[in-house]
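The values are calculated or read from the model by the stated rules, or taken from the named source; none is laboratory data. Fair warning: this is a prediction, and the values are worked out from it, not measured in the lab. With ideal geometry, Cβ positions are generated from the backbone for all residues, glycine too; neighbour counts draw on all protein chains shown. Heavy atoms of the whole protein, side chains included, go into the accessibility calculation; ligands, DNA and RNA do not. Shrake-Rupley method; radii C 1.70, N 1.55, O 1.52, S 1.80 Å.
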Amino acid sequence: MSYLIKTVQPTSEPVTLAQMQLHLRLDTEGSPPSHPDDALITGLISAAREIVEIYTAFTLVETTYQCKEMMKNALVSLKTFPVLTIGSVTYQDSDDATQTINSSEYYIDNFKRPSLLRFKGDTVDKEITVTFTAGFTDGDEPNLFPMPQPLYSAIKLIVSDLYTNRESASENKRYTVPQSSEKLMNQYRIDMGT
């Protein structure tokens, strides 16, 4: 059974409320600037980030995951990009006891999308569980994985669309990503073979 789940949610967003207020051309008041729709816009920023993450299979801000996957040919797909750190790599032995693989036996390959966990030396194909942190490193020093600018723009366009069209005409209507956002994201989309 293969899966990828978020174990620690992001604590920040790639686009700030102030940036969205400016993008939406809202009339703000006070210092710091505020608008009656700030809570709504903050929620839409998170929703837009998740839409971009699902569409591209990228992780836009630092997030901790757990991935269970079958190791084949000494590698495991971590199902997202970019992976920053590996917390642990474990497997169940023949006695159903959890065993931890030493970090000297593997490395992260971020030259591929999605990121891969590559194992050194001889390995036996087995199901492993990997705990890791992924996300672009904007604001960190050194900034090893800056988020591509088109993805910032895609988030802003999606928030704008969600904000402008927040009164849906139909309860059963499925949200469609604006074409302009889709075009910005297409170049980064990872084919997960599904």
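I need the shape label for the range 7-48. Rule: rounded when a/c is under 1.5, else prolate if a/b > b/c, else oblate, with a, b, c from the alpha carbon gyration tensor. Prolate shape, in that a/c is at least 1.5 and a/b is the bigger ratio. For the chain, the dipole from Cβ point charges (+1 on Lys and Arg, -1 on Asp and Glu) about the Cα centre works out to 560 debye, to the nearest 20. Using a probe of 1.4 angstrom, how much of the accessible area of the chain is carbon and sulfur, in percent? Carbon and sulfur: 48 percent of the exposed surface of the chain. Of the chymotrypsin sites (Phe, Trp or Tyr not before Pro) in the range 109-178, the ones in a loop by DSSP (not H, G, I, E or B) with at most 10 other beta carbons within 10 Å are Phe111. Note that the chain presents 60 Å² accessible area per residue, ligands and nucleic acids not counted, probe 1.4 Å. The order of the peptides 82-88, 22-28 by mean Cβ neighbours within 10 Å, most packed first, is 82-88, 22-28.
Number of Lys-Lys pairs in the range 51-188 with C-alpha atoms under 15 Å apart and a separation of 8 or more places or on different chains: 6.
Using Cα atoms only, what is the angle between the long axis of helix 149-164 and the major principal axis of the chain, expressed in degrees (0 to 90) to the nearest 10? The answer is roughly 50 degrees.
With helices as the sole contributors, the chain gives -8000 deg cm²/dmol at 222 nm; each DSSP H run of n ≥ 4 counts as -39500 (n - 2.57), and the sum is divided by every residue. Here, P(r) means the percent of Cα pairs in each 5 Å bin from 0 to the largest distance; for the chain it is 1, 7, 14, 17, 16, 14, 11, 8, 6, 4, 2, 1, 0. Ignoring the sites themselves, the chain has its longest run without GluC sites (Glu not before Pro) in a DSSP loop having at most 16 other Cβ atoms within 10 Å at 1-166.
Considering only beta bridges that DSSP places wholly inside the chain, some 95 percent are antiparallel. Rg and Dmax of the range 55-155, based on Cα coordinates, read 14.8, 51 Å. Computed over the Cα atoms of the range 1-107, the ratio of the radius of gyration to the Kirkwood radius (Rg/Rh) comes to 1.16. At an R0 of 30 angstrom, the distance between the Cβ atoms of Thr176 and Val8 translates into a FRET efficiency of 0.50. Looking at the range 85-194, the trypsin sites (Lys or Arg not before Pro) that sit in a DSSP loop and have at most 11 other Cβ atoms within 10 Å of their own Cβ are Lys120, Arg166, Lys173, Arg174.
3J(HN,Hα) along the range 175-190, derived from phi through the Karplus expression 6.51 cos²θ - 1.76 cosθ + 1.60 where θ = phi - 60°, amounts to 5, 10, 5, x, 4, 4, 5, 4, 5, 5, 7, 3, 5, 10, 5, 9 Hz, with x in place of Gly and Pro. Label-to-label distance, Gln92 versus Thr164, with points set 7 angstrom from Cα along the beta-carbon direction: 5.1 nm.
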